[in-house]
Number of protein chains: 4
Amino acid sequence: MTDFVCDYNVGCHPLILRRLEQINMVPTRGYGSDKICASASEKIKKACNCPDAQVEFLVGGTQTNQVVISSMLGPTDGVISAKTGHINAHESGAIEATGHKVIELEHHNGKLDADEVSSYLETFYGDENHEHMVYPSMVYISFPTEYGTIYKKTEIEALHKVCKKYNIPLFLDGARLGYGLMSPECDLTLSDIARLTDVFYIGGTKVGALFGEAVVFTHGNRPKKFVGLKKQRGGLLAKGWLLGTQFDVLFSDNLYFDISLNAIERAMELKNLLTKRGFPFLLDSPTNQQFVILENSFFKKLSALVGIEFWEKVDENHTAVRFATSWATTQKDIEELAGILDTI
Amino acid sequence: MTDFVCDYNVGCHPLILRRLEQINMVPTRGYGSDKICASASEKIKKACNCPDAQVEFLVGGTQTNQVVISSMLGPTDGVISAKTGHINAHESGAIEATGHKVIELEHHNGKLDADEVSSYLETFYGDENHEHMVYPSMVYISFPTEYGTIYKKTEIEALHKVCKKYNIPLFLDGARLGYGLMSPECDLTLSDIARLTDVFYIGGTKVGALFGEAVVFTHGNRPKKFVGLKKQRGGLLAKGWLLGTQFDVLFSDNLYFDISLNAIERAMELKNLLTKRGFPFLLDSPTNQQFVILENSFFKKLSALVGIEFWEKVDENHTAVRFATSWATTQKDIEELAGILDTI
Amino acid sequence: MTDFVCDYNVGCHPLILRRLEQINMVPTRGYGSDKICASASEKIKKACNCPDAQVEFLVGGTQTNQVVISSMLGPTDGVISAKTGHINAHESGAIEATGHKVIELEHHNGKLDADEVSSYLETFYGDENHEHMVYPSMVYISFPTEYGTIYKKTEIEALHKVCKKYNIPLFLDGARLGYGLMSPECDLTLSDIARLTDVFYIGGTKVGALFGEAVVFTHGNRPKKFVGLKKQRGGLLAKGWLLGTQFDVLFSDNLYFDISLNAIERAMELKNLLTKRGFPFLLDSPTNQQFVILENSFFKKLSALVGIEFWEKVDENHTAVRFATSWATTQKDIEELAGILDTI
Amino acid sequence: MTDFVCDYNVGCHPLILRRLEQINMVPTRGYGSDKICASASEKIKKACNCPDAQVEFLVGGTQTNQVVISSMLGPTDGVISAKTGHINAHESGAIEATGHKVIELEHHNGKLDADEVSSYLETFYGDENHEHMVYPSMVYISFPTEYGTIYKKTEIEALHKVCKKYNIPLFLDGARLGYGLMSPECDLTLSDIARLTDVFYIGGTKVGALFGEAVVFTHGNRPKKFVGLKKQRGGLLAKGWLLGTQFDVLFSDNLYFDISLNAIERAMELKNLLTKRGFPFLLDSPTNQQFVILENSFFKKLSALVGIEFWEKVDENHTAVRFATSWATTQKDIEELAGILDTI
């Protein structure tokens, strides 16, 4: 069945699998202290144009958010997130489980507004009465957001400035980073991301890898005892080179960007296809996730033929659904969808 | 200086101090396993008209919220609170520090709306996709709220019904319970509170005691190993009878209610006084906290002469302040305030 | 270089890699809700002879211990472990990070003694004074242990009996389960393990898989909301079928046991080789880890030619080292070691 | 009944109660930001001969240990304690509940041995392989210990030196500090304690106060955001001046030391009394707790007439019990005990 359910529904790019086969029986040092991880780190630092960066590999997104955030906050500190942020809404309380509050601010199509963040911080730090409140000590954003939207360069610059002013880190969750960077509406480079954030991660799970996320501490600011913290949170992979290998392949020959671009091109084809047929969209997403509003009866018929995801109820008769493309989506998938739409 | 800063600015009711003197040198068993605590528990159960209740004493409000909530939630569970709820806004992340998310819903003058709680729970439990979200497994309300407002009986009945439907406990924070119950607008009795909630606490710190809160599990539902949990959270007082003694006095001869009524009568006098002089109120509070809007220059002059608390900025030129009365406020205090207002 | 450093120094059994290739581009449901995981679960239940079992897959050992233990303990509960137990000594405080104490008892070549466990529990539950202590509410053992030793059937039966008496679960960490079961000294079957424990896990990372551990709740006792807990602890793999696939292969055609047996046969050859040459052993291990005492100068020379792991200092002039075989160790590896030993 | 059950079985020194009465109706600022707390802090700093110290008040011992330890450790850090240390054995896992391991070392009559601490730290920090272990990042001792024993000055100096070498803080739990300092065998002053530790606390609960402990950070090393941390752990008393007042009285006119001395003098009388009558002691305690071995039948008879505490079984026929004197014990109490012993 043609499948647009999500961007983690198939395995990995064939080049990764090939490399895993090549090294399968080669004895390698454990826990990420191997040469492949070192090589992948170097390639990532180069791609970020960021020689002082420190790169760490983890297995999945929630784990990454949990390890990074808990490693950078003190016991009374919390992290600011949009109400819709992944850490606030869809990680089963992984941040709170480490003892930290997620401080939710309003979202604007999934994004935080720098002025609103600034106001919150100003109130907090400007008044003597806030010792009984959680210290807002980090700002978390995702790029793209849960709604597929992306920040403009000026927006991230503004958040960067606010964070600098209050001397708190800006953390960017890049579970789908490639799909953001390759969007036609994106005016940021990977190098900009590295320059404007204190820590971010490059998602592998949703962008060509079997699993794995590469965290980049952008200016030598990796917390001490970080290996211990990864271990403590259950995130230190024994065969760490499996992570290094995947990112080494992804960051060779521009692969990460090329396959991200494929997802975007297919998404734009899909968007055109649906737009032409008159389907309304929940919002205007420039990345690989497209949120479309369907009549309930049509939704029922379509979902029997194509893999799509229920997103939310719009009203009694309408449902918003998500179509996700990925590095693996083909033009043939889009054509099949077109064919199916013609038959319903 | 006349002082309306808060309701915890003086010691305790003289009868309590007298009793503490009387028993000061009498050897007594530690950790709350003494006869005075047992006596106080019985009096509270009687006042609640709730023979199956189990009473536990703790030292302060944040500690009580932390111990109660963490004792009743599983590891992936969270507690619903109004955005302005004390646990969400003013306890330095005490709930999150035990690993649990505070799930904030909108407030209406400090109160939760039962329909909105119901909608949230319905969405959560009605859909298959929520395994990645924190389970809303308790509802927390306060009575009175942070804004001095109180729930009507029908409102608490509605919340009770919602909680029953989803089989989750309703917890009422009664740090100022007496001031709520004695409000002229209150149509609930202590017995109603006990009947309509699963657990609540009777505040002592702000209502006549030096310190101390009495938790009431209303139907034999005290979590197992509760003494251990109090100990673990640093809330098990070695000389537990200090808590029992205070509540034993407060729940003798209607004292708790009588002194609560005093606070309310003084608050109403204060409200009249300010209303007559034309001061606008931030909202209409029927309890011991009154929120008044002052011109900034007037605020400056007044606060040099009377103890009041900054609450929030209203606009460039106006500030909301809080006047709090308590069991200890006298008519003379009100008269002095009137005199001061005349002179400014 | 011939490598006996550890049992997680190469990738996975070739059959697993082949299967991963076959399904690489097949769209599959996420988070372990797929048919491959279901199939693997069934095979494991059958191998355990345990139709009421519930199987859950996780990525690594520390994560598994953390998720399982924290899911089965209440807030004041702790878990009993041998002083040398992995959770007590080598997981960076992963259990404490979830709020639970590891209660250490003495070890006997890595093992707990059932009588000592019983005495501890008897003292605890027999006396009124223990409310200030952590409740020992689970017993954790590993099979094989950190020292490669294994429990006899009578020993596990005794632990099982003690746990039943005090109504607390017995949890067996089987990170190297295959290597224990295939030991010539083992008188237990997988079915015995399932019958005598409440929960255990079958290690994949060290026994033929790239990564992955299969948890078996042996009698329908999987904690509620377990998916949420996996998510919260960062252990819910998006592409969960990667775990299911690996175990599906391992539990087809007896593969898990056959490759485990290979590790044991190579370990016994290695043991003979070293014994014949007169090397003393730190202790007598019947499984794939062999602990040998070397003169420091010899250790230095040998470790330049063969991968071995420093274990501990024995005295000024001697060092204990570990040789580990695995499913991937070949007779040729053993022969090469013999050759090297001849040349030093 | 004559009562030697514990040193927290009566209220407080009458001077404290008198002062509480005097200030009972005086409006005072909340949360410890008042002048009485400031005055008490100054007196304590002076008594410690430690002008750079920072003093913080908390309600009870477990709470104090929890707040202090969790405020000074990073997420992967643990605290070294004697196996018998209060935090390890009798606080219901309060330290682990904040995510930190208590690393237990052997005790010697309740005390840590500096050489053994040094060896542990040396092994840990001297080897590359310890990233998977909890970092020993603080040393916790109590003075007197659980067994009433005290450290010699040379012993604390040795611990101080070890901690300095590894750059980790030394924390002294002084729940019964006065009783240690006033022991005839003590060669340390309060000023020595302040000089040789990084943080310690002066117990009030067991030494003349109703409740309360005064934490002393000895060299300007109070952790940032400490008020917030107290709040988060449920330890920020609304009427903070209740704590300040008690310590202000205790540290006026040498009261704390004088009443501590009384406890020691009574303890020595009690020790002589029991020694003369031929009772064996579990160990030789120079402070206010005396551990005596009784025949079971004698124990039964005695405990019907005098309050004493069961400590542990010695053998089939003998039981160790604790007699505790306190600031409130009188010579008459000792005489009554003598009379009772004569009659059994």
Spacing of the two label points (7 Å from each Cα toward its C-beta) at C:D315 and C:F281, in nm: 2.1 nm
Translational diffusion of region C:239-299, µm² s⁻¹ [Kirkwood Rh, Cα pairs; Stokes-Einstein; 10 °C; 1.306 mPa s]: 114 µm²/s
Loop-located GluC sites (Glu not before Pro) in region A:284-323 whose Cβ has at most 13 other Cβ within 10 Å (DSSP): A:E316
Region A:20-175, relative contact order in percent, only Cα pairs under 8 angstrom and at least six apart counted: 20 percent
Identity and axial distance of the chain D residue whose Cβ lies nearest the axis relating D to C, Å: D:E96, 2
Under 15 Å from the Cα of D:K206 - aspartates and glutamates, other chains or at least 8 residues apart: D:D3, D:D7, D:E146, D:D173, D:D258
Cα centroid of region D:30-80 to Cα centroid of region D:162-211, whole Å: 12 Å
Stretchable slack from D:D52 to D:I23, in nm (0.36 nm times residue separation minus alpha-carbon distance): 7.5 nm
Order of A:T145, B:T343, B:T330, C:T28 under a 10 Å beta carbon neighbour criterion, fewest first: B:T343, B:T330, C:T28, A:T145
Quarter of Cα convex hull surface for region C:223-344, i.e. mean projection, nm²: 11.1 nm²
Residue of C:K300, C:K35, C:K43 that the Gaussian network model of chain C assigns the largest fluctuation, springs spanning Cα pairs under 10 Å: C:K300
In region B:212-344, lysine pairs with alpha-carbon atoms under 19 angstrom apart (chain gap of 8 or more, or interchain): 6
Computed [θ] at 222 nm, helices only, for chain A once each DSSP H run of length n ≥ 4 contributes -39500 (n - 2.57): -12000 deg cm²/dmol
For A:E312, inter-copy label distances in nm, listed shortest first [label point 7 Å out on the Cα-Cβ vector]: 2.4, 5.7, 6.1
Globularity ratio of region A:22-87, using Cα Rg and 2.2 N^0.38 Å: 1.47
Largest-first principal axis extents of the Cα set of the protein assembly as shown (Å): 85, 82, 54
Chain A, relative contact order in percent, only Cα pairs under 8 angstrom and at least six apart counted: 25 percent
Test item: Cα-centred dipole of region D:14-253, Lys/Arg +1 and Asp/Glu -1 on Cβ, debye: 1220 debye
Selection from A:H100, A:L58, A:T76, by position along the positive dipole direction of region A:58-134 (Cβ): A:L58
Nearest-20 debye value, the protein assembly as shown charge dipole, Cβ charges on Lys, Arg, Asp, Glu: 0 debye
Neighbour-count order for A:S297, D:S33, C:S41, fewest beta carbons within 10 angstrom listed first: A:S297, D:S33, C:S41
Region C:256-343: relative contact order in percent, alpha carbon pairs under 8 Å with at least 6 residues between: 35 percent
Cβ-vector label at 7 Å, A:F124, separations to other copies in nm: 2.4, 3.2, 4.0
For chain A, built as a Gaussian network whose Cα springs stay under 10 Å, the top-fluctuating residue of A:D34, A:D253, A:D187: A:D253
Average partner coverage of C:3-12, which counts Cβ from other chains inside 10 Å: 6
Estimated D of region A:14-254 in µm² per second, where Rh is the Kirkwood radius over Cα pairs and Stokes-Einstein applies at 10 °C, 1.306 mPa s: 87 µm²/s
Other copies of B:K152: label-to-label distances in nm, shortest first, labels 7 Å along the beta-carbon direction: 4.8, 7.6, 7.7
Extension reserve of the B:L341-B:K301 stretch, reckoned as 0.36 nm per residue once the Cα distance is removed: 13.4 nm
Gaussian network model of chain C, springs between alpha carbon atoms under 10 Å - residue of C:A114, C:A175, C:A209 with greatest fluctuation: C:A114
Label-zone membership for region D:197-212, site D:E157, 7 angstrom Cα→C-beta point, backbone N under 18 Å: D:197-198
Region A:184-200 residues near the modelled A:N221 label - backbone nitrogen below 13 Å, point 7 Å along Cα→Cβ: A:194-200
Per-residue Cβ neighbour rank within 10 angstrom, fewest leading, D:L273, A:L58: D:L273, A:L58
Of the DSSP H helices in chain D, those whose Cα atoms cover at least 18 Å axially and whose Kyte score averages -0.5 or more: D:35-48, D:255-276, D:331-343
Dipole of region C:151-274 [Lys/Arg +1, Asp/Glu -1 at C-beta], most positive-end residue of C:L243, C:Y201, C:P223: C:P223
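Since every read-out is calculated from the coordinates, none of them should be taken as a lab result. What you are looking at is a predicted structure, and each value in this text was computed from that prediction instead of being measured. Please note: Cβ atoms are built from the backbone with ideal geometry, for glycine as well, and neighbour counts cover all protein chains shown.
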